[in-house]
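The values are calculated or read from the model by the stated rules, or taken from the named source; none is laboratory data. Please read these numbers as outputs of a predicted model, since none were measured by experiment. Virtual Cβ from ideal backbone geometry, glycine too; neighbours counted across all protein chains shown.
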Amino acid sequence: MKPNIIGIPREELGLKLQEIGMEKFRLKQLWQWVYFHGVTDFEKMSSFSKPARQLLADNFEIRRPTVSRDLKSFDGTRKWLVKFEDGNEVETVHIPEEDRGALCVSSQVGCSLTCTFCHTGTQKMVRNLSAADILGQFMIARDAIGEWPSPSENRMISNIVMMGMGEPLLNYENVKTALQIVMDNEGIKLSKRRITLSTSGIVPLIKECSKDLGVNLAINKKWPIEELLEACRGYYGKEQSFRQITFEYVMLKGVNDSLADAKELVRLLKGMPAKVNLIPFNPWPGTKYECSSTAQIQAFSQFIFDHGLAAPIRTPRGRDILAACGQLKSESEKLKKQAVA
């Protein structure tokens with residue numbers, strides 16, 4: 001199988017082009033065809049001569065993953081079951097707003113963290129996604145929505161959130177490569193401020209992420225809290241005064257939703273540029289948890305607001321197709337279990 005251009009870092013791709021005898025300036029042209037125009041057929045790259053197009057076709061391919069299922073919620077949320085070349089699948093979710101939208105992208109097949117409040121955590125870890133797998137999710141969403149070439153304004157995929165299946169920082173090199181390609185100014189050109197990486201708090205890699213990417217950081221606590229908060233302080237460097245770290249807080253009835261819990265949260269985050277996203281727990285078959293009541297979530301939010309921190313309550317989206325936060329799990333894995341039963 002020929003190398004897939006998708007996911008190859010820009011500098012490395014330039015070297016590969018030189019190896020097959022192409023001029024250095026061709027890299028920019030190829031990059032724009034692939035990542036700005038979304039082209040998958042070398043024959044459509046009109047700035048290349050016919051012999052050059054044939055040379056590319058002889059040495060490379062431009063491959064996307066396939067879509068096994070395409071589900072749409074009553075609220076407009078859309079979920080794709082994305083299938084890779086080895087047969088493994090993940091779920092990718094688009095959450096639209098009036099003139100923009102966020103794409104929730106997976107970084108692993110399954111997850112090794114086994115968080116009990118997360119449906120993905122009940123699926124065993126299978127493998128890390130490659131940079132091509134991660135980018136492929138973005139590109140098939142663009143294909144489906146019809147958003148090529150890359151628009152400069154009014155994008156329906158205006159934000160990327162690495163909040164799908166898996167822990168992004170446990171697949172850091174591939175996630176880094178994919179996001180650097182997404183941010184490249186001559187291709188997809190998505191600002192780092194429109195990208196959020198959600199992590200359970202893998203402390204050793206938080207500083208690496210700050211240095212390499214500088215994207216928005218969202219935290220779900222997994223690491224010892226003192227070490228985690230120390231790693232978060234100063235994450236944005238010179239931008240610290242006007243950028244916040246978001247802490248994702250899942251509201252679980254009788255577990256972490258008391259005002260005493262809110263008081264402790266305020267204490268822990270004192271002096272840090274932070275906000276707290278309150279996420280009503282999204283149920284899934286077999287879970288042992290319940291969502292906190294609306295009144296309790298509102299009281300929790302108000303307490304945090306009253307103590308100087310933003311604490312918006314996230315509106316669940318796509319619950320009816322199991323596309324909401326914490327509900328993702330490979331559909332094929334669910335179907336296999338049903339067949340065995």
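Taking residues in segment 184-213 that are assigned to a helix (DSSP H, G or I), and partners anywhere that are charged (D, E, K, R) and at pLDDT 90 or above, the pairs with Cβ atoms closer than 6 Å and at least 6 places apart or on different chains are Asp212/Lys176.
In this structure, Ser293 does not satisfy being of a type in the set (S, T, N, Q), surrounded by fewer than 16 Cβ atoms within 10 Å (Cβ to Cβ) and without any contact (Cβ under 8 Å) to a residue 40 or more places away in the chain.
Farther than 15 Å from Leu113 by Cβ and either in contact with an Asp or Glu (Cβ under 7 Å, 6 or more places away or on another chain) or in contact (Cβ under 8 Å) with a residue 60 or more places away in the chain (or both) - does that describe any residue in segment 167-174? Looking for residues that are farther than 15 Å from Leu113 by Cβ and either in contact with an Asp or Glu (Cβ under 7 Å, 6 or more places away or on another chain) or in contact (Cβ under 8 Å) with a residue 60 or more places away in the chain (or both), one finds at least one in segment 167-174, hence yes. Only residues that are aromatic (Phe, Trp, Tyr) and assigned to a helix (DSSP H, G or I) were counted in segment 1-25, giving 0.
Of the candidates Phe74, Phe84, the single residue that is modelled with pLDDT under 95, within 25 Å of the chain's Cα centre (by Cα), within 22 Å of His119 (Cα to Cα) and assigned by TED's automatic domain parsing to the domain that holds Arg319 is Phe74.
The test for being in the same structural domain as Gly318 (by TED's automatic domain parsing), closer than 18 Å to Ala178 by Cα and of a type in the set (Gly, Ala, Ser) holds for Ser107. Of the residues Tyr172, Tyr236, which single one is more than 30 Å from Glu290 (Cα to Cα), surrounded by fewer than 21 Cβ atoms within 10 Å (Cβ to Cβ) and among the hydroxyl-bearing types (Ser, Thr, Tyr)? Within the list Tyr172, Tyr236, the selection yields Tyr236.
In segment 26-44, the residues that are on the phi < 0 side of the Ramachandran plot and assigned to a loop (DSSP other than H, G, I, E, B) form Cβ pairs under 6 Å with partners that are among the aromatic types (Phe, Trp, Tyr) and buried (at least 18 other Cβ atoms within 10 Å of the Cβ), at six or more places apart or across chains, as follows: Val39/Trp33.
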